[in-house]
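**Student:** Provided herewith is a single structure, encoded as structure tokens, for subsequent inquiry.
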Amino acid sequence: MNEPHQIKDFSLYPEGEKKMQWAWMRMPVLRRLLEEHCKSKALRGVRVGICLHLEAKTALLASTLEELGAEVSITSSNPLTTQDDVAAALTKRVSHVYSWYNETVEEYNENLQRIVDQRPNIIVDDGGDLGALLHQKNMTETVIGGTEETTTGVLRYRAMQKDNTLKFPVIAVNNAKSKRIFDNKYGSGQSVVDAILRTTNMLVAGKNVVIIGYGWVGRGIAQRFRGLGSKVIISEVDPFSAFEAHLDGLDVMRVKDAAKVGDIFITATGNYRVLTREHFLVMKDGAILANAGHFDVEVDVNTLKDMAKACRNVRKNVDEYVLPNDKKLYLLAEGRLVNIAAGDGHPIEIMDLSFATQLLSILYLNEKRSLEPKVYDVPEEVDKEVIFGKLKSEAIQVDELSDEQKEYLTKWKI
Ligand code: NAD
Ligand code: SAH
């Protein structure tokens, strides 16, 4: 194994600390939670193992946990998403940092193993890789529970529960209202657009943008591209989501038809090989391919590599593939999540909500300790605490039901 990533001369990497401080000013919900819980050191003696995209907002969740008394070890959930300057600065704030930008798959797995070797009590997962490794290695006995950040990870933990292999309780942070609505929809909406713009520097107004998958993530991306003047086309397998896209005023087509007309393609399904050979062959010369779903298998990168006559990098995070028909396709960020691998991920204010939900779920797991090994929803009080915290910080007021209205809503006789 290589030595863990510990950059000794911190003065060479001043930007990481600055990035964290910039983000911290815009994370009022997490800040308030730290203030509220830091005296009690609620996580004293608890080893927390984290596998999340390691950039500034994540670093602030990690350092908040350490300030609450936890011994934190952290690695990234994606070989391309660690920001090295942030990782360097974080070594000053938490116990163990095992991650760097552009890891090989082998290094990625070694770093996950390093978290497992810390024998964590609570894990924070994004996609289920850390939980899966703990189970495969039979090293779950120290774990009192975990939290899961994203849709695909929740599906994987549910599959483990169904198999009767799940050995600890997991809170599906992804499924909290304040996560799924704001993070998956509005976070992905802004950050996917941002990453495509900064990666390609292309005009998107007037372009045909094909979005495959009209779930939370796809809807957010569609809304933002539409606002920029793109012609948005949706491909779906779910008839309800397809019709919803139609009612939202968008064109709906099968992928094989959309493949012929798209200028920019974005996958957002969490599925496998949704753009593959038959689609690549009919695409326009110069089409852009990007993925916003979980793994780098939605755009079938292996097939694209196999069929290409030539491949070269033409710009940071843009690879050109020349097909046998001489058309050129441009793949962004190697088919990994474009918004995180080629951008800063979701905006700060969004991650404030997601990570406040993470923190409260971790405190809940630590307090309960003996939950059954199942996948749990985020407790309603946690969801409410996060959203009311956010509304308060923005001075947004909401109405309350009167007693008379509450009663009216429970009666069947009018
Ligand atoms: P979702 O379940 O709400 O939506 C997925 C949609 O894709 C569904 O409507 C489904 O019918 C559709 N779909 C599935 N297979 C398809 C296919 N072959 N062709 C067309 N449509 C298909 O899930 P979500 O919350 O929108 O998440 C989608 C993916 O994005 C997941 O992998 C999730 O982990 C990931 N995610 C990414 C980010 C990010 O930052 N980029 C943020 C949150 C979630
Ligand atoms: N493990 C996969 C899956 C990531 S899915 C991978 O790394 O490729 C995307 C998840 O990343 C979302 O649920 C979202 O909450 C999280 N995310 C988005 N922007 C982020 C950011 N700036 N920092 C940390 N996590 C982020």
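**Student:** Using only C-alpha atoms and all pairs of different ones, pull out the Kirkwood radius for segment 57-216 in Å with one decimal. Could the numbers behind the result be given before it?
**Tutor:** On the way: mean 1/r = 0.0575 Å⁻¹.
In segment 57-216 this quantity evaluates to 17.4 Å.
**Student:** Would you mind classifying the chain by shape? Square roots of the alpha carbon gyration tensor eigenvalues, ordered a ≥ b ≥ c; an a/c under 1.5 is rounded, otherwise it is prolate if a/b is larger than b/c and oblate if not.
**Tutor:** Values: a/c = 1.67, a/b = 1.23, b/c = 1.37.
Taking the square roots of the gyration eigenvalues as a ≥ b ≥ c, the chain is oblate.
**Student:** Could you list, bin by bin from short to long, the percent of Cα-Cα pairs of segment 259-351 in 10 Å steps?
**Tutor:** Taking all Cα pairs of segment 259-351, the binned fractions are 18, 52, 25, 5, 1 percent.
**Student:** Moving on. Once the Cβ-Cβ distance between residue 327 and residue 92 is put in as r, and R0 is 41 Å, what FRET efficiency do you end up with, to the nearest 0.05? Don't jump to the answer; show the numbers that get you there.
**Tutor:** On the way: r = 49 Å, r/R0 = 1.20.
It comes out at approximately 0.25.
**Student:** Continuing with this model, one more query. Find the percent of Cα-Cα distances in segment 327-414 that exceed 20 Å, and round it to a whole number.
**Tutor:** Numbers: 2443 of 3828 pairs.
The share of Cα pairs beyond 20 Å in segment 327-414 comes to 64 percent.
**Student:** Would you order 54, 203, 250 from fewest to most other beta-carbon atoms within 10 Å of each residue's own beta-carbon?
**Tutor:** Details: 54 28, 203 11, 250 22.
Ascending number of Cβ neighbours within 10 Å: 203, 250, 54.
**Student:** Based on the alpha carbons, how large is the Rg to Rh ratio for segment 126-193 when Rh follows Kirkwood?
**Tutor:** Working: Rg = 13.4 Å, Rh = 12.7 Å.
Checking Rg against Rh, the ratio lands at 1.06.
**Student:** A follow-up question, please. Restricted to Cα positions, what overall size does segment 190-231 have along the principal axes? Three whole-Å values, descending.
**Tutor:** 27, 19, 16
**Student:** Whole Å is fine, so just give me how far the alpha carbon centre of segment 236-262 lies from that of segment 383-414.
**Tutor:** 36 Å
**Student:** Test of understanding: express the Cα radius of gyration of segment 19-138 as a ratio to 2.2 N^0.38 Å, with N the residue count.
**Tutor:** On the way: Rg = 13.9 Å, N = 120, 2.2 N^0.38 = 13.6 Å.
Against the compact-globule rule of thumb, the ratio is 1.02.
**Student:** Next question. Neighbour counts of other C-beta atoms within 10 Å: give me 243, 355 arranged from fewest to most.
**Tutor:** Numbers: 243 13, 355 28.
Fewest to most other Cβ atoms nearby, the residues stand as 243, 355.
**Student:** Something else now. Step through the table entries 57/384; 260/328; 92/384; 185/305; 39/137, compare each Cα-Cα distance with 25 Å, and write down the pairs that go over it.
**Tutor:** Details: 57/384 21 Å; 260/328 14 Å; 92/384 33 Å; 185/305 31 Å; 39/137 36 Å.
With Cα atoms farther than 25 Å apart: 92/384; 185/305; 39/137.
**Student:** Give the cross-link partners of residue 162 among the lysines, using a straight C-alpha distance below 16 Å as the criterion and excluding same-chain residues fewer than 8 apart.
**Tutor:** Within the straight-line limit of under 16 Å, residue 162 reaches these lysines: 374.
**Student:** Pop out the Kirkwood hydrodynamic radius of segment 194-304 from its pairwise C-alpha distances, inverse of mean 1/r, in Å to one decimal. Display every interim value, and only then the final one.
**Tutor:** On the way: mean 1/r = 0.0728 Å⁻¹.
Hydrodynamic radius (Kirkwood, Cα pairs) of segment 194-304 is 13.7 Å.
Throughout, read-outs are computed from the coordinates displayed, never taken from laboratory work. Just so you know, these numbers come straight off a predicted model, no measurement behind them. For neighbour counting, all protein chains shown are included, and Cβ atoms are generated from backbone atoms with ideal geometry for every residue, glycine included.
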